[in-house]
């Protein structure tokens, strides 16, 4: 019987300059807990997603329970609970976008990224495509968010050209 592979030791996110940055953020708020969303965002920027271990680390720094932190992470769709592609693509499929071809846009992103299904990451690790409810640009449908880049009036025909920017 062979031994199970050893899990890599968790490396803390909040050390050095990143810890100083979080401390400066906490100083702006009346309680440590108020810095939870920025702390989680810092973890995601550093690691690309928020692991269970990172939730525990954030809980310890902010004097919260890990369950409280997990409750926040699972509530907000902006936080990733598993690794995602380098380029996280969100396609709005709410009614106005849907009327303007959102389903075709979504299908085009899945096809041209190689993701094959919603929430899956492409084989090369570059892309993850998800559908979302309302990106707040109903007058400029179909709306798409790629990382921090907000795109409006996206059509299925524009998808290949758009993806050239995200190689």
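Just so it is clear, none of the values below were taken in a lab; they were calculated from the coordinates. Just so it is clear, the model here is predicted, and its values are computed rather than measured. Positions of Cβ are generated from backbone atoms using ideal geometry, with glycine treated the same way; all protein chains shown enter the neighbour counts.
A few remarks follow.
- Label-to-label distance, nm, for residues given as residue 9 and residue 111 (7 Å Cα→Cβ offset): 5.0
- Report note on the peptides 86-93, 148-155: ranked by the mean count of other C-beta atoms within 10 Å, highest first, their order is 86-93, 148-155.
- In the distance distribution for the stretch 87-164, Cα-Cα pairs more than 14 Å apart total 53 percent.
- Stretching the chain fully between residue 63 and residue 104 yields a gain of 10.2 nm (0.36 nm per residue, less the alpha carbon separation).
- Shape of the stretch 16-75, Cα gyration tensor, a/c cut at 1.5: oblate
- Cα-based helix-to-principal-axis angle, 52-61 vs the chain, degrees rounded to 10: 50
- Choice from 66, 12, 30 with maximal GNM fluctuation in the chain (Cα, 10 Å cutoff): 30
- Distribution of pairwise C-alpha distances over the chain, 5 Å bins, in %: 1, 8, 16, 16, 15, 13, 12, 10, 7, 2, 1, 0, 0
- The simple Förster model, with R0 at 22 Å and r as the Cβ-Cβ distance, assigns residue 95 and residue 158 a FRET efficiency of 0.60.
- Against the chain, whose longest principal axis is taken from its Cα atoms, helix 16-27 shows a tilt of about 90°.
- With a Förster radius of 41 Å applied to the beta-carbon distance between residue 126 and residue 20, the computed FRET efficiency rounds to 0.80.
- Whole-number percent relative contact order across the chain, with pairs defined as alpha carbons under 8 Å at least 6 apart: 17
- Exposure proxy ranking, count of Cβ atoms within 10 Å, fewest first, for 55, 26: 26, 55
- Counting other Cβ atoms within 10 Å as a rough exposure proxy, the listed residues 28, 18 run 28, 18 from fewest neighbours to most.
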